[in-house]
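K.L.:
The structure that follows is given in the form of structure tokens.
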Amino acid sequence: MTLQEQYVAFMTILRKEVKRYLRIWTQTLLPSAITMSLYFVIFGSLIGSRIGEMDGFTYMQFVVPGLIMMAIVTNSYSNVVSSFFGSKFNHSVEELLVSPTPNYVILLGYVIGGVSRGLLVAIVVTLVSLFFTHLQIHNLLVVVAIVTMTSLLFALAGFINAVYANNFDDISIIPTFVLTPLIYLGGVFYSMDLLPPFWAAVSKLNPLVYVVNAFRYGVLGISDVSIWIAFGMIGLFTAIAWFYSMHLLNTGKRLRQ
Amino acid sequence: MIPALTIENLRKSYGNGFEALKGISLEVQQGDFFALLGPNGAGKSTTIGIICSLVSKTGGRVAVYGTDIDQDFPGAKKNIGIVPQEFNFNMFEKVFDIVVNQAGYYGLPLPLAAERAEKYLRELGLWDKRDVASRMLSGGMKRRLMIARALVHEPRLLILDEPTAGVDIEMRRSMWDFLKKLNAEGTTIILTTHYLEEAEALCRNIAIINHGEIVEHSSIKELVRRLHREVFILDCVESLPEVVSLEAFTVRRMDEHTLEVEVEKGQTINQVFDLLDDRGIRISSMRNRANRLEEMFVNLVEGAA
């Protein structure tokens with residue numbers, strides 16, 4: 001395939017993905033807006049007013065970056081895992097497998113589809129948060145870079161989950177039992193300074209700690225971890241996820257007999 | 001001329017040790033209408049799966065229009081259109097989108113993809129259904145949708161895995177006409193089917209596969225020529241006597257108005273009519289007891305078992 005043909009194939013996959021989540025927007029875009037509004041009301045306004053300041057910011061200002069990142073992570077992941085597993089389940093993935101579309105284009109198409117949903121939900125949630133607090137941007141470059149890298153990483157993770165999944169239960173196990181606990185324990189609602197030294201050290205094994213703190217640094221200018229270590233970790237995990245996903249596609253594991 | 005499809009010593013073994021293909025070799029020439037026959041589990045779908053990359057081969061070589069799939073699979077895939085046995089499209093997608101997207105996966109720009117989708121949906125009688133979710137189509141329409149999807153990049157080799165399974169007679173006939181027209185226009189077609197009548201009506205050459213091995217690879221004419229015996233059923237105008245015998249022919253009286261006659265190689269049906277005429281027996285109609293190819297198929301498959 002020429003580069004031009006590969007671009008056409010990529011755009012075809014991306015267009016299909018975007019059309020899919022826009023068609024079912026009440027299941028894909030609306031829930032995050034509603035859930036985050038509830039978080040803002042309960043944790044930000046009601047409970048937050050009694051907590052007071054955290055790291056020099058109101059509690060509402062402190063939790064907003066983490067909540068936006070939470071929406072990006074869950075939406076990037078769930079878009080790819082449900083879409084790719086769905087195409088495996090109804091065998092429509094064969095449409096792609098029999099075509100000359102290179103594997104990296106297939107992966108890129110699905111992953112960028114997931115990233116686009118993550119970013120769209122991030123914009124929606126950010127707009128909702130403006131009803132509750134004033135948002136400043138400390139470093140736009142860090143914000144853009146961390147949002148893009150994070151959604152890329154979790155879209156790839158969703159792809160790997162989809163390849164291994166045998167049924168619909170398998171695509172909800174990881175989000176429910178791994179992703180959600182990691183997000184809640186990733187410093188969305190609290191600063192690492194509040195934890196005893198042992199648990200603060202344990203928390204640093206959680207990749208979501210780096211994601212949330214790097215984004216919080218971009219928005220508020222504060223972070224519990226080094227921003228460079230955060231970028232390094234996310235970059236490393238993204239590279240590993242990309243090469244592992246390509247390995248799965250190239251070997252046809254769970255896709256070809 | 002380079003063959004449309006070359007398969008050499010193709011082998012497929014699964015992890016549990018089952019050998020689905022035991023080193024099959026066959027060649028399909030350009031412009032051919034080729035039938036791949038075999039009982040369930042013989043290896044037909046495995047062979048097709050390997051050609052279109054849904055199954056990984058264990059050994060051997062496959063080339064499509066001279067392009068080896070090990071050296072340039074994307075190049076080989078461009079020449080192949082596949083119509084699988086099971087429906088494998090997203091049931092929630094619209095008919096038009098399914099065909100246009102498939103064109104996109106082959107690198108066709110959107111305007112050309114839309115033009116081709118319209119062309120083939122019209123030819124297959126699905127244009128009126130273009131905005132309908134595919135799950136709303138009847139079984140026959142879904143099969144035609146898969147043919148339109150397989151043709152949208154205009155492949156030189158079209159492979160159909162039991163395309164008329166579960167399709168009513170009228171629809172089957174119209175699909176046959178469409179495939180004959182496509183073949184006449186130069187597309188090489190490989191067909192797997194359980195309907196031997198279909199293979200005899202459409203195909204020029206045939207391979208019969210059984211237990212992962214090719215047990216026959218020749219022209220349909222040659223196969224039929226090799227048949228030694230045909231059985232005819234004759235419907236008689238008047239009531240038959242209790243015993244009917246014709247010299248040199250094996251005859252069975254089925255009922256008061258029906259005779260079954262075996263005609264061996266070298267004998268003619270005219271001889272039967274002459275003998276019946278001598279006995280004052282008039283015939284109103286005649287038909288084969290079974291499809292001739294079917295008999296040959298059963299013999300070959302049972303012989304290999």
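FYI, it's all coordinate maths here, none of it is from the lab. Note that this is a predicted model, so its numbers are computed, not measured. Methodologically, a virtual Cβ is constructed for each residue, glycine included, from the backbone with ideal geometry; neighbour enumeration extends over all protein chains shown.
K.L.:
Please give me, ordered by residue number, the trypsin sites (Lys or Arg not before Pro) of segment B:232-275 that lie in loop per DSSP and have at most 14 other Cβ atoms within 10 Å.
P.N.:
Hits after loop and neighbour filter: B:Lys265.
K.L.:
Where does helix B:139-151 land angle-wise versus the long Cα axis of chain B, in degrees 0 to 90, nearest 10?
P.N.:
For B:139-151 against chain B, the angle is about 60 degrees.
K.L.:
How large is the convex hull of the Cα atoms of the protein assembly as shown per residue, expressed in Å³ as a whole number?
P.N.:
Here the figure is 194 Å³ per residue.
K.L.:
Which lysines have a Cα lying under 19 Å from the Cα of B:Lys77, excluding residues fewer than 8 positions away in the same chain?
P.N.:
Here the lysines satisfying the reach criterion relative to B:Lys77 are B:Lys44, B:Lys57.
K.L.:
Straight-line reach from B:Lys180: which aspartates and glutamates have Cα under 17 Å away, leaving out those fewer than 8 places along the same chain?
P.N.:
Once the sequence-local aspartates and glutamates are set aside, what remains near B:Lys180 is B:Asp32, B:Glu123, B:Glu154, B:Asp161, B:Glu162, B:Glu170, B:Glu197, B:Glu198, B:Glu200.
K.L.:
Can you tally the net charge around B:Ala248? Count Lys and Arg as +1, Asp and Glu as -1, for every other residue whose Cβ sits under 11 Å from the Cβ of B:Ala248.
P.N.:
Its environment carries a net charge of -3.
K.L.:
Relative contact order, percent, of chain A when contacts are C-alpha pairs under 8 Å separated by at least 6 residues?
P.N.:
It rounds to 25 percent for chain A.
K.L.:
Further question: Taking 2.2 N^0.38 Å as the expected size of a compact globular protein, what ratio does the Cα radius of gyration of chain A give against it, to two decimals?
P.N.:
Relative to the 2.2 N^0.38 Å estimate, chain A comes out at 1.04.
K.L.:
Shifting gears a bit: May I ask you to list the chymotrypsin sites (Phe, Trp or Tyr not before Pro) in segment A:64-144 that are in a DSSP loop and have at most 11 other Cβ atoms within 10 Å of their Cβ?
P.N.:
For chymotrypsin sites (Phe, Trp or Tyr not before Pro) across segment A:64-144 that sit outside H, G, I, E and B with at most 11 neighbouring Cβ atoms in 10 Å, the list reads A:Phe131.
K.L.:
While we're on this one: Averaged over peptide B:97-105, how many Cβ atoms belonging to another chain are found within 10 Å of each residue's Cβ?
P.N.:
Per residue, the average neighbour count from other chains is 6.
K.L.:
Under 16 Å from the Cα of A:Lys204, which aspartates and glutamates turn up, not counting those fewer than eight places away in the same chain?
P.N.:
Qualifying aspartates and glutamates at Cα under 16 Å: A:Asp193, A:Asp224.
K.L.:
Just need the relative contact order of segment B:24-80 here, percent rounded to a whole number, with Cα pairs under 8 Å and 6+ apart.
P.N.:
About 18 percent, as a whole number.
K.L.:
With charges set only on the Cβ (+1 for Lys and Arg, -1 for Asp and Glu), what does the dipole of the protein assembly as shown come to about its Cα centre, in debye to the nearest 20?
P.N.:
Rounded to the nearest 20 debye, it is 1800 debye.
K.L.:
Distance in nm between label sites at A:His91 and B:His217, each 7 Å beyond Cα in the beta-carbon direction?
P.N.:
Once both label points are built, they end up 2.7 nm from each other.
K.L.:
Only counting other Cβ atoms within 10 Å, I'd like B:Ile208, B:Ile233 sorted with the fewest neighbours first.
P.N.:
Sorted ascending by nearby Cβ count, the order is B:Ile233, B:Ile208.
K.L.:
Arrange the following residues from fewest to most other Cβ atoms within 10 Å of their Cβ: A:Leu179, B:Leu191.
P.N.:
Ranked by crowding around the Cβ, least crowded first: A:Leu179, B:Leu191.
K.L.:
By counting other Cβ atoms within 10 Å of each Cβ, how are A:Leu3, B:Leu36 ranked from fewest to most?
P.N.:
Ordered by Cβ neighbours within 10 Å, fewest first: A:Leu3, B:Leu36.
K.L.:
Filter the cross-link list B:Lys129/B:Lys181; A:Lys253/B:Lys129; B:Lys94/B:Lys221; B:Lys22/B:Lys181 down to pairs whose alpha-carbon distance in this structure exceeds 31 Å.
P.N.:
A:Lys253/B:Lys129; B:Lys94/B:Lys221; B:Lys22/B:Lys181
K.L.:
Additional query: Give the Cα extents of segment B:5-224 along the principal axes, in whole Å, largest first.
P.N.:
Principal-axis extents of segment B:5-224 (Cα, largest first): 45, 38, 34 Å.
K.L.:
What number comes out for the charge environment of B:Ala133, summing +1 per Lys or Arg and -1 per Asp or Glu over other residues with Cβ under 12 Å away?
P.N.:
Its environment carries a net charge of +3.
K.L.:
Output the 0 to 90 degree angle, nearest 10, between the alpha-carbon long axis of helix A:207-220 and the longest principal axis computed from the alpha carbons of chain A.
P.N.:
Around 60 degrees separate the two axes.
K.L.:
Calculate the length of the line joining the C-alpha centroid of segment B:151-223 to that of segment B:98-137, in whole Å.
P.N.:
If you average the Cα positions of each part, the centres end up 23 Å apart.
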